[in-house]
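Please treat every number below as a calculation from the coordinates, not as lab data. Quick caveat: nothing in here was measured; it's all calculated off a predicted structure. Positions of Cβ are backbone-derived with ideal geometry, glycine not excepted, and every protein chain shown enters the neighbour counts.
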Amino acid sequence: MSAPLITWFSISALLIAVYGLYLGLFVAPTDYQQGESYRIIFIHVPAAWMSLFIYMVMAISSAIGIIWQIRLADMVAAASAPIGASFTFLALVTGALWGKPMWGAYWVWDARLTSELILLFLYFGYMALQSAIEDQRSADKASGLLAIVGVVNIPIIHYSVEWWNTLHQGATVTKFDKPSMHIDMLIPLLLMAVAFKLFYAALVLVRTRNEALYRDRNRRWVRELVEKL
Amino acid sequence: MNWSEFFDMGGYAFFVWMSYGLTLIVVVANIVSPIMQRKKVIARIKRAIKREQLTGG
């Protein structure tokens, strides 16, 4: 059922990423302040957006799972956690690699960076609860509650650059005004963001399928399916 | 622009290519990990089926 979708998402993610990288690395002009170092933006910002987006998917699916007892929602949440954690990690390390040449430090304890680090720990906490609690329904409930409570961190991350004095630059794209960015830089950035989203879509399908196989390992449909493999 | 200029990234080669290299690693890990996970789950279920057949249920 999900196999053609996985193929479709993967191929379009790859094609869009290749085109986005071509535009970002070869076509986009040099930044007048940051030189070529700004080209980290084409992965840093999409990765950071994904870290927030996947967290919201995880929290909303957890809520659906807890309120309406929909097993598929719990599986989507559990499948999303490691992917979200990996994008959060990527946002943090590419940020460090961009911070060093621009700010002179890989890491500073400022609001944006610290709240993003807390996001990584929320993902880890979710995964730890999932694997530590034997009974699947209790595991989903405990980790789901953590995910829901952790949502308070999302607006903190987004608005941290306005609420506190921070080294991190303010929003350049997600604001109501026109994006304050050259169009030749903006297009590859948005293409990379779309590619990352499609990549996540493919990954979450694959991982949700794995979750279903594992959780229903004693059920007939899984037994019949596995015997054919 | 020639290739060595491109790879030099205006002197920021280490930071830019480290970022892109790490991204590649994270992308590959994200692809490999669920494939391995699927294999492990299927192997585990196959073992369980075999065990149940041997013990008669």
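Results, tabulated for the structure shown:
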read-out: Förster radius 25 Å - calculated FRET efficiency between A:PHE89 and A:ASP184 (Cβ-Cβ, nearest 0.05); value: 0.30
read-out: Ascending count of other beta-carbon atoms within 10 Å, so fewest first, for B:LEU54, B:LEU24; value: B:LEU54, B:LEU24
read-out: Per-residue Cβ neighbour rank within 10 angstrom, fewest leading, A:VAL204, A:VAL108, B:VAL27; value: A:VAL108, B:VAL27, A:VAL204
read-out: Principal axis dimensions, largest first and in whole angstrom, of the stretch A:138-229 by Cα; value: 57, 34, 21
read-out: Footprinting exposure proxy for A:ARG207, A:ARG137, B:ARG51 (fewest neighbouring C-beta atoms within 10 Å first); value: B:ARG51, A:ARG137, A:ARG207
read-out: Degrees, to the nearest 10: A:3-22 long Cα axis against longest axis of chain A; value: 10
read-out: For A:88-96, mean number of other protein chain Cβ atoms within 10 Å; value: 3
read-out: Two-site FRET efficiency, A:THR166 against A:ARG223, from Cβ-Cβ distance with R₀ of 51 Å, rounded to 0.05; value: 0.40
read-out: Number of partner chain Cβ atoms within 10 Å, mean per residue of A:164-171; value: 0
read-out: Helix A:153-163 vs. chain A, principal-axis angle (Cα, 0 to 90°, nearest 10); value: 10
read-out: Nearest-ten-degree value, helix B:13-54 long axis tilted from longest Cα axis of chain B; value: 10
read-out: Overall Cα dimensions of chain A - principal axes, largest extent first, Å; value: 63, 37, 30
read-out: Neighbouring partner chain Cβ atoms per residue of B:34-47, average, 10 Å criterion; value: 5
read-out: Rounded Å value of the spacing that divides the Cα centres of the stretch A:23-94 and the stretch A:154-224; value: 3
read-out: Relative contact order for the stretch A:99-229, counting Cα pairs under 8 Å that sit 6 or more residues apart, in percent; value: 18
read-out: Calculated FRET efficiency for the pair A:VAL173/A:TYR22, C-beta based, R₀ 25 Å, to 0.05; value: 0.80
